[in-house]
1. Which of the helices (runs of 4 or more DSSP H) contained wholly in region 1-97 include at least 2 residues that are modelled with pLDDT under 85?
2. Do you know which residues across region 179-218 are crowded, with 19+ Cβ neighbours inside 10 Å, over 18 Å from Val75 (Cα atoms) and of a type in the set (Ser, Thr, Tyr)?
3. From the list Arg156, Arg161, which residue is modelled with pLDDT under 90, in a loop (DSSP other than H, G, I, E, B) and charged (D, E, K, R)?
4. Checking the structure you have, find out if any residue of region 141-152 is without any contact (Cβ under 8 Å) to a residue 24 or more places away in the chain, within 24 Å of Phe249 (Cβ to Cβ) and not assigned by TED's automatic domain parsing to the domain that holds Gly210.
5. In region 86-106, is there at least one residue being within 15 Å of Ala176 (Cα to Cα), touching a residue at least 12 places away in the same chain (Cβ under 8 Å) and not small (Gly, Ala, Ser)?
6. So, Val147, is that one within 24 Å of Leu267 (Cβ to Cβ), aliphatic (A, V, I, L, M) and surrounded by fewer than 21 Cβ atoms within 10 Å (Cβ to Cβ) or not?
7. Does Ala176 satisfy the condition of being surrounded by 16 or more Cβ atoms within 10 Å (Cβ to Cβ), in the same structural domain as Ser229 (by TED's automatic domain parsing), within 20 Å of Pro74 (Cα to Cα) and small (Gly, Ala, Ser)?
Amino acid sequence: MSLDTLLCVCFGVLTAVVNAIALATQHIASSRVPSAGRGWRFVLDLLRQPLWLLGWLALLGSLVFQSLALHFGPVGIVQPLLISELIVALVIRRLWLRQQLRTVTIASAILTTGFLILFVTFASPSSGQSTTSGSKWSLTIATCSLVVLILVLGARGGSVRRKAGVLGMATAITWALEAVLIKVFTDNITSFGYLGTLAHWPIYAFVGCGVAGLFCEQAALHVGPLSVSQPFIVIVDPLVSVILGVVLFAERWQGGAIHLVAGAILLGAISVGAWVLIKTGPESMAGGHQPV
């Protein structure tokens with residue numbers, strides 16, 4: 001494993017760790033706010049919660065770590081690594097919140113970790129090229145935007161579970177697009193400096209994509225249960241990211257057909273493991289015993 005790949009993996013795992021911390025702290029802080037709070041009163045109550053502010057610091061840290069990970073390595077490695085956020089969240093729930101975990105949940109966490117390690121060491125894609133044509137960028141952004149728009153419009157009807165699933169998928173596609181934009185944005189910082197990036201389009205596309213992603217995520221979490229939206233967000237994101245890495249940066253599996261098949265199988269196994277983790281883990285941050 002090269003130094004760049006090692007740094008990519010380390011920063012990718014750190015991204016997952018601080019993402020899990022952000023989710024736990026902000027969820028707990030929100031649950032402590034009186035239910036009567038609405039609008040600005042609710043926001044002010046949140047600002048008085050140290051855990052909520054810590055969660056925002058963690059989110060800022062995750063953006064920095066993800067940017068560094070994508071700078072040192074391919075999208076096809078970084079984004080699947082973010083699934084380990086689910087495993088870190090289980091550790092937080094067990095050690096901090098003292099929640100009892102089901103045997104199937106622990107087993108799926110161990111297997112998912114093993115599949116992630118195998119993917120990185122055996123079947124992860126190469127770094128590919130650092131630049132791509134403007135026409136590929138235009139087509140990719142336009143296609144992703146159109147798909148997200150169709151999904152958002154499609155979420156206007158149907159059951160709350162359907163709405164949550166559709167908006168979760170829209171969120172995943174938006175986050176995948178933002179990941180490739182982060183990669184080119186950080187490369188621009190290296191080439192042109194912080195002020196020089198203002199003269200190039202990726203920073204503005206990155207900001208716009210980030211706002212759209214937050215909107216889709218919050219809408220998905222608001223309209224339906226987390227158990228529906230989270231699987232789509234966590235699983236679809238890395239799968240779309242791998243495709244975008246191939247299209248935009250020519251990331252390829254080295255070693256021929258064997259590595260390609262192994263990579264596809266391991267990605268599928270990671271996705272199934274993440275699904276089981278979500279479905280069998282504790283439904284809330286409250287304490288309590290989960291049946292074995």
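The values are calculated or read from the model by the stated rules, or taken from the named source; none is laboratory data. Just so it is clear, the structure is predicted and the values come from calculations on it, not from any experiment. Cβ sites come from the backbone with ideal geometry, for glycine too, and all protein chains shown count toward neighbours.
1. Because the criterion is at least 2 residues that are modelled with pLDDT under 85, the helices (runs of 4 or more DSSP H) in region 1-97 that meet it are 3-32, 39-47, 50-72, 84-95.
2. Thr197
3. Arg156
4. no
5. no
6. Answer is yes for this residue.
7. yes
One line per residue, one yes/no per condition, for (1) hydroxyl-bearing (Ser, Thr, Tyr); (2) within 30 Å of Leu248 (Cα to Cα); (3) loosely packed, with under 15 Cβ neighbours inside 10 Å; (4) under 16 Å from the mean Cα position of the chain (by Cα):
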{"position": "Gly76", "(1), (2), (3), (4)": "no, yes, no, yes"}
{"position": "Ile83", "(1), (2), (3), (4)": "no, yes, no, yes"}
{"position": "Ile92", "(1), (2), (3), (4)": "no, no, no, no"}
{"position": "Phe115", "(1), (2), (3), (4)": "no, yes, no, no"}
